[in-house]
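The values are calculated or read from the model by the stated rules, or taken from the named source; none is laboratory data. None of these values were measured; they are calculated from a predicted model. Note that we place each Cβ from the backbone using ideal geometry, even for glycine, and neighbour counts take in every protein chain shown.
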């Protein structure tokens, strides 16, 4: 029971840290008018932040539990942090897209259409791709994709961290 309470607190706290950091990255990119053209920078910075915060959260869990960490505990903590962060990111994105910059998705679509045109796609192909993009851009689908992606990457990162940091009572102190 003691481990469950500790893991929940760590998942919540570190998930909030990661969520706020991801929001700050997006706010900085938005404030510098770089969000549309350089969105990959935000993705890279957010992914590095995810790695660092997941590892720190797992390390904190291990420290709080007498330096004992199983692979399963590491994965549970890491995925929990990632999902809490994703939920915070979803709330921010809904606020951003509905109140701060309601035309953002249209702006992104126009940039993408230009990229498709530059790649020599026909106008029919561009319109077909744009329609498909619009269908998958609704909040329910993007929110579900965000949760699944966060859980997936959280699992991969925490599995690697857990394999490296795991320590059982049999390993000795």
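Residues that are in contact (Cβ under 8 Å) with a residue 40 or more places away in the chain and in contact with a helix residue (DSSP H, G or I) (Cβ under 6 Å, 6 or more places away or on another chain): list the helices (runs of 4 or more DSSP H) wholly contained in the range 76-173 that include at least 3 such residues. Reasoning before the result, please.
Numbers: elements: 104-118, 123-135, 139-165.
Ranges flagged: 139-165.
So which of 113, 62, 134 is farther than 16 Å from residue 16 by Cα and in contact with a strand residue (DSSP E or B) (Cβ under 8 Å, 6 or more places away or on another chain)? Quick ask: steps written out before the conclusion?
Details: 113 fails: in contact with a strand residue (DSSP E or B) (Cβ under 8 Å, 6 or more places away or on another chain); 134 fails: in contact with a strand residue (DSSP E or B) (Cβ under 8 Å, 6 or more places away or on another chain).
On inspection, the qualifying residue turns out to be 62.
Does the range 33-67 hold any residues that are surrounded by fewer than 14 Cβ atoms within 10 Å (Cβ to Cβ), outside any helix (DSSP H, G or I) and modelled with pLDDT of 90 or more, and which are they?
Once the filter is applied, which keeps residues that are surrounded by fewer than 14 Cβ atoms within 10 Å (Cβ to Cβ), outside any helix (DSSP H, G or I) and modelled with pLDDT of 90 or more, the range 33-67 yields 66, 67.
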